[in-house]
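First comes the structure, then the notes that go with it.
The values are calculated or read from the model by the stated rules, or taken from the named source; none is laboratory data. Source: prediction; values computed, not measured. Cβ: placed from backbone, ideal geometry, glycine included. Neighbour counts: every protein chain shown. In case anyone asks, the SASA skips ligands and DNA or RNA and just uses the protein heavy atoms, side chains included. Shrake-Rupley method; radii C 1.70, N 1.55, O 1.52, S 1.80 Å.
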Amino acid sequence: MAQYEIGSRRLRSNRQVRELTNEVLLSHRQFIQPLFVSELIENKTPAESLAGVCLHTATSIPDQIDRDLGNGIDKFLLFPIVKKQESEKISFDFVCDVLKKVKDAYGNQVWLATDVCLCAYTTHGHCGLLNEDRSAIANDRTVKLLARYAGLLADAGADCIAPSDKMDGTVGAIRSQLNDLGFFDTTILSYSAKFTSSFYGPFRDVCDSRPDDSIVLQGRESYQLSGASPSSAIRSVLSDVEQGADMIMVKPAMTYLDIIRTVSAKIDLPVVAYHVSGEYQAIELLAQNGLLGRKEGHLEAWTAMKRSGADVIISYAARNARNWIG
Ligand code: PBG
C-alpha cells in the first residue's frame, strides 16, 4: 500500500520522470568564472590553494578566455594581483591595461566584471585606506578612491563594476562617478551581503591579501557583516539598492543560503551567489581524497544555491558547468 501514496517513489522511479519533475534547472549561461591576473609572475602559474585554477599574466589570459569560450563561458570576474602599494598613490594601470587588451581582442564576445577593492593594493591587506594612527579605516577617502577606480575600469572597457570593499556609500559614489563620466550602461554588482568568513582563506592565500595583524586594526569585522546578524545583511542590501546597485551578491553561499532566500524574496534585482574559495576547495580536497565525486559535489552545491533563490552563480568551476550540467 505505502508505495502508492502521494509523495511516494513513483515520480523518482526512472530518469525521464525525474527530469520532468525537477524544479531547479541550472544553465551554464548564468555562471560567472573568476579570473586572476597577476603582475608578479612571468608565466601562467597554478594557484596552489585553489585546485585547477591558474594565476594568469596579461599574455596568458587570452588563451584561457579562448578555452572558456569554447566551453560556453563568456562572463568573467577579474581579480588583479599587483605590486603592493599604499596611500593615495595607488596605481590601477595594470588591471586597466589588461581590460583594454581583452576588450580590444574580444569586444562584446565577453562580459567582464572587475572586483573593486583595495585589499590587493594595500601593504596591510585591508580593503580600505587607514587613518593616520592606523587604528581604523578611513571610510570616505576609501570610497572616493574606489569611485575613481571604478571610473577608470569603465573607461578601460569593464562591463560591470563589482565593489567588494564593504565600506559605507561605495555603491552610490560609484554610480555617480559612472554617471558623471557617461557610462550609463555599466552595471554595478555589489557584494552587499558579504560576511566575515574563514572560507576566504584560499583566495587570500592566492592574492596575498591577508590583513596584517601587526597594526591596531585586525580582521575585517569592522566592515564585513557578522553571520550572527542577518538583519544587517538586509539593511546593507536595501541600502545598496537605494544607492543604485543593479545586482546583489550574497557571499559566501553555502553557509548563507537562508540569506539568499530572504534577499531574493525581498528585492526585485538579480541575486548572485558566490561559491567562495574555501567552499570550492573543500569539495576539491574531498574529491582528491576520493571522498566524493568532483562533478557531483559542485552540482549539489550549485543546485542548493539556485533552489535558495540565486539567479547567478560565481564559481571557480564555472568552466565545467556546461559539461557537467549536460
Ligand atoms: C576582496 C575579495 C575577497 C573575496 C572576493 N573579493 C577576499 C576578502 O574579502 O577577504 C573572496 C573570494 C573567495 O574567497 O573566493 N575583498
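With unit charges on the beta carbon (Lys/Arg positive, Asp/Glu negative), name the residue among Ile267, Ala245, Gly172 whose Cα is farthest towards the positive pole of the charge dipole of the chain.
Checking the options against the dipole of the chain, the answer is Ile267.
Loop-only trypsin sites (Lys or Arg not before Pro) in the range 147-252, please: DSSP not H, G, I, E or B, and at most 15 other Cβ atoms within 10 Å.
Those that pass, being in a loop and sparsely packed, number zero.
Over the range 137-184, what is the mean sequence separation of C-alpha contacts under 8 Å (at least six apart), divided by residue count, expressed as relative contact order in percent?
Working: 33 pairs, mean separation 22.6, N = 48.
Averaging sequence separation for qualifying contacts and normalising by length gives 47 percent for the range 137-184.
What does the accessible area per residue of the chain come to in Å², with a 1.4 Å probe and no ligands, DNA or RNA counted?
47
Ignoring ligands, DNA and RNA, please state the percent of accessible area on the range 231-326 from carbon and sulfur, probe 1.4 Å.
51
Mind checking which of Asn22, Tyr149, Gly107 is farthest towards the positive end of the chain's charge dipole, using Cβ charges of +1 (Lys, Arg) and -1 (Asp, Glu) about the Cα centre?
Highest projection toward the positive end goes to Asn22.
Output the 0 to 90 degree angle, nearest 10, between the alpha-carbon long axis of helix 277-288 and the longest principal axis computed from the alpha carbons of the chain.
The angle comes out near 50 degrees.
Write down the percent of antiparallel bridges among all DSSP beta bridges whose residues are both part of the chain, to the nearest 5.
10
Which whole-number percentage describes the relative contact order of the chain, with Cα contacts under 8 Å and a sequence gap of 6 or more?
Reported relative contact order: 19 percent.
If you place +1 on the Cβ of every Lys and Arg, -1 on the Cβ of every Asp and Glu, and leave all else neutral, what size is the dipole of the range 186-305 about its Cα centre, to the nearest 20 Debye?
Working: 10 positive and 14 negative charges, 30 e Å.
Around 140 debye, computed over the range 186-305.
How large is the charge dipole for the chain, taken about the Cα centre, if only the Cβ atoms of Lys, Arg (+1) and Asp, Glu (-1) carry charge, to the nearest 20 debye?
1060
Please list, by residue number, every one of the trypsin sites (Lys or Arg not before Pro) in the range 72-118 that is coil in DSSP and has at most 15 other beta-carbon atoms within 10 Å.
Those that pass, being in a loop and sparsely packed, are Lys83, Lys84.
Checking the cross-link filter: which lysines have an alpha carbon closer than 25 Å to that of Lys306, excluding same-chain neighbours under 8 positions apart?
Lys75, Lys166, Lys194, Lys251, Lys266, Lys295
For the range 92-212, with only Lys/Arg (+1) and Asp/Glu (-1) charged at the beta-carbon, what is the dipole magnitude about the Cα centre, in debye rounded to 20?
140
So if each residue of separation counts as 0.36 nm, and I subtract the Cα-Cα distance between Ala138 and Asn179, what length gain in nm does that give?
Extra length from Ala138 to Asn179 when fully extended: 12.3 nm.
Distance in nm between label sites at Leu291 and Arg210, each 7 Å beyond Cα in the beta-carbon direction?
With each label placed 7 Å out from Cα toward Cβ, I get 2.2 nm.
To the nearest Å, what is the center-to-center distance of the range 38-63 and the range 268-289, using C-alpha atoms only?
Cα centroid to Cα centroid, the span is 20 Å.
Round to a whole number: what % of the accessible area of the range 50-129 belongs to carbon and sulfur, probe 1.4 Å?
The nonpolar share, carbon plus sulfur, comes to 51 percent.
Relative contact order of the range 156-312: what whole-number percent is it, with Cα pairs under 8 angstrom and at least 6 residues apart?
For the range 156-312, the relative contact order is 24 percent.
Straight-line reach only, C-alpha to C-alpha below 18 angstrom: list the lysines that Lys89 could link to, leaving out same-chain residues fewer than 8 apart.
Lys144
Which one of Leu11, Thr303, Val53 is farthest out on the positive end of the charge dipole of the chain, using unit charges on Cβ (Lys, Arg +1; Asp, Glu -1) and the Cα centre as origin?
Comparing the listed Cα positions along the dipole, Leu11 ranks first.
Return, for the Cα atoms of the range 211-326, the radius of gyration and Dmax in Å, separated by a comma.
That works out to 16.1, 51 Å for Rg and Dmax.
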